[in-house]
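One structure is given here, and the rest of the page talks about it.
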Amino acid sequence: MTFQEFKDSLKNPKPVYVLLTDQAYFRNLVFETCRDQVDEEARGFDWTVIDMGEPGCEDALMGLRTLPWIGSKRWVYVRDAQRGKDD
């Protein structure tokens, strides 16, 4: 999927997107595009960023299970998901 196809798909977003790239520019572009789907005043309620490089997956699960509060959708952005597997 190209970046433009990704942006177009956000009119009716899928439940999950997976970005596989080692290019920081594209990771930042996707992050900002996802963040911008949530109104700035609603980000404290309907936007969550989880860094799986930190210990534990509990925060990720809690964020994924939380329903939207202000908007119609809740966005959860997970960084470094490949690092979140429990040993």
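Within the stretch 12-20, can one find any residue that is touching a Lys or Arg at 6+ places or on another chain (Cβ under 9 Å), at pLDDT below 85 and surrounded by 13 or more Cβ atoms within 10 Å (Cβ to Cβ)? Checked against the condition, which is being touching a Lys or Arg at 6+ places or on another chain (Cβ under 9 Å), at pLDDT below 85 and surrounded by 13 or more Cβ atoms within 10 Å (Cβ to Cβ), the stretch 12-20 yields no hits at all. Among the residues making up the stretch 1-33, those that are outside any loop (DSSP other than H, G, I, E, B) and under 15 Å from the mean Cα position of the chain (by Cα) are PHE6, LYS7, SER9, PHE26, ARG27, ASN28, LEU29, VAL30, PHE31, GLU32, THR33. In the stretch 31-48, the residues that are within 11 Å of LYS73 (Cα to Cα) and open to solvent by less than 30 Å² (accessible area, probe 1.4 Å) reach residues that are of a type in the set (Asp, Glu) and in a helix (DSSP H, G or I) with C-beta atoms within less than 7 angstrom, at least six apart or across chains, in these pairs: VAL38/ASP46.
The values are calculated or read from the model by the stated rules, or taken from the named source; none is laboratory data. Note that the structure is predicted; figures quoted are calculated from it, not measured. Every residue, glycine as well, gets a Cβ built from its backbone with ideal geometry; the counts of neighbours run over all protein chains shown. Side chains included, ligands, DNA and RNA excluded: accessible areas come from the protein's heavy atoms. Shrake-Rupley method; radii C 1.70, N 1.55, O 1.52, S 1.80 Å.
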